[in-house]
Structures are given as C-alpha cells and as structure tokens.
Amino acid sequence: MSAIREDFAEILKLVRPGARVLDIGCEDGELLELLTREKGVDGQGLEISPEGVAAGLARGLAVVQGDGDRDLDHFPSRAFDYAILSKTLQQMREPKHVLSELLRVADQAVVSVPNFGHWKVRWALLSRGRMPETGALPEPWYSTPNIHLCTLRDFTALCDELGLRIDACAALSDGKPARSIDPRQPIENWRAETALFLLSRKADPLAPAPPPQNLFGEMELPKAEPPPKKGRGRRA
C-alpha cells in the first residue's frame with residue numbers, strides 16, 4: 001500500500017464517520033476512496049477532467065464531471081456535511097464565490113491552500129527577484145495552474161469578510177508532522193508552507209472569532225500571558 005498523502009491523512013482526521021462528503025476537484029478519487037474505506041462516508045466527487053472522472057468511476061466512486069467555479073451553484077443548500085477543496089482554491093477563477101458556496105452546500109468546509117507569505121517565497125523574491133518554486137509551489141510561473149495565490153493573512157481576511165469561522169487549522173510541510181496553529185498569528189504567515197483549514201459559518205457574523213480547536217495532535221498555539229505580579233508595597 002502506498003503512503004497516504006500528507007494533507008489527505010490530516011483530512012481523514014477531520015471528517016467524522018458516515019458523513020456526507022463532496023470532494024471538489026477530486027482528480028482520480030484517491031481521497032474520496034480513502035474516506036469511503038476508512039470512515040464509511042457517503043461521498044461524491046466533482047472533477048473537471050474526463051480522465052479524472054474515468055479514474056474515479058473505475059474506483060467505484062460517485063464522480064461527476066463539472067467545474068467548481070460554476071457547478072457548485074446547482075447543488076442544494078446543506079446537502080453535505082463536508083465540502084472538501086484540497087490545494088485547489090488558488091486555481092479557481094472566482095475563489096471568493098467558491099469559498100462562499102462551499103459553506104452553502106455543506107455545514108463545514110475543509111480547504112487547504114499554499115501560503116504565498118512563507119519565508120521561502122519571500123526569500124526567493126527578495127534575493128533573486130524571481131517567482132518562487134517551492135515544495136508547495138513546484139511549477140514555474142509560465143506553467144503553473146495557480147492564478148489566485150494568497151497569504152495566510154489574505155485568507156483569514158477573506159474568511160472574516162464572508163462571515164466564516166476557522167474551527168481548526170494546521171500547517172503542513174513535506175516530511176514534517178502537521179502543526180496545529182492559529183493562522184492569525186503573524187509568525188505563521190512566515191512559517192506555514194501550506195495551511196489546512198476546517199471552516200464553518202458563524203452564527204453571528206459580528207461575533208469575535210474563537211481560537212481554532214486542536215484537531216491535529218500537538219497544539220502550537222500561543223499561550224496566554226500570565227497576569228503581572230503585584231509588587232510589594234513599601235513599609236511606612
């Protein structure tokens with residue numbers, strides 16, 4: 001059995017058994033097959049390429065051909081428990097619309113994005129003046145499918161604009177264990193090469209966002225500072 005892709009292993013932790021799942025941009029159906037086998041999900045895939053659809057069908061999966069930019073509009077509201085978009089949002093023509101639609105058709109969304117604010121990206125631009133090629137962004141600028149790259153700060157700002165809550169977030173890097181993080185912390189905009197988000201809609205869009213939950217193992221969220229010690233008063 002081949003090794004499970006790092007982000008797929010973390011997505012497997014997030015999805016509850018027996019859930020209704022829509023995997024947008026499911027490619028050959030590898031993730032959907034994993035979720036079906038390990039979590040017994042009621043899964044459906046949406047894939048734009050005929051080759052991907054054929055591969056998913058060959059795995060015995062319910063995969064249909066469609067474009068996530070347009071065809072999510074045709075799904076009924078709250079038809080799924082989870083909508084998954086793994087390393088695909090930056091390839092969408094209308095990422096804001098797609099992200100909003102994910103949380104219309106499903107109660108929660110699982111979204112992973114490469115972070116264009118990662119230190120390797122910044123260093124490549126600063127030192128060489130060239131578009132970066134990293135583990136998360138391996139293609140050269142002239143052939144990359146990525147058309148709407150963003151930083152963690154950009155993504156969290158978009159979540160705020162759409163009234164979305166970040167229930168959990170993990171930083172991913174090839175060969176390293178996933179780290180549970182608070183993506184709003186400035187240091188993570190430098191450290192996280194790829195981020196995986198579990199999102200839902202806020203009951204009250206104006207309410208302050210709670211900190212992300214620890215759903216990925218060891219938490220690396222900043223600790224609250226202890227209250228200052230009271231100084232001893234001088235004796236008269």
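All of the numbers you see were taken from the coordinates with simple rules; none came from a lab. If you're wondering where the values come from, they're calculated on a predicted model, not measured in any experiment. All Cβ positions, glycine included, derive from the backbone under ideal geometry; neighbour counts span all protein chains shown.
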Of 40, 29, 56, the one that fluctuates the most in a GNM where the chain has Cα springs shorter than 10 Å: 40
Alpha-carbon centroids, segment 126-184 and segment 45-103: separation in whole Å: 20
Nearest-0.05 FRET efficiency for residue 57 and residue 37, computed from C-beta distance (R0 25 Å): 0.90
Counting all C-alpha pairs of the chain, share separated by more than 31 Å (%): 25
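Among rounded, prolate and oblate, which fits segment 52-167 when a ≥ b ≥ c are the square roots of the eigenvalues of its C-alpha gyration tensor, a/c under 1.5 means rounded, and a/b larger than b/c means prolate?
On the way: a/c = 2.52, a/b = 1.48, b/c = 1.71.
Oblate is the answer for segment 52-167, as a/c is 1.5 or above yet b/c matches or exceeds a/b.
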Per-selection Rg to Rh, segment 36-93 - Cα, Kirkwood hydrodynamic radius: 0.95
Burial ordering of 148, 118, 74, fewest other beta-carbon atoms within 10 Å first: 74, 148, 118
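Need the full-extension length gain, residue 104 to residue 8, defined as separation in residues times 0.36 nm minus the C-alpha distance. One decimal, nm.
32.3 nm
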Relative exposure of 92, 131, judged by other C-beta atoms within 10 Å (fewest first): 131, 92
Gyration tensor (alpha-carbon) shape descriptor, segment 1-118, a/c threshold 1.5: rounded
Residue exposure sequence - 174, 67, 81, 23 - by fewest surrounding Cβ within 10 Å: 174, 67, 81, 23
Rounded to 5, percent antiparallel among DSSP beta bridges of the chain: 45
Out-of-range pairs (alpha-carbon distance over 21 Å; input 13/176; 96/202; 13/39; 87/202; 13/120): 87/202; 13/120
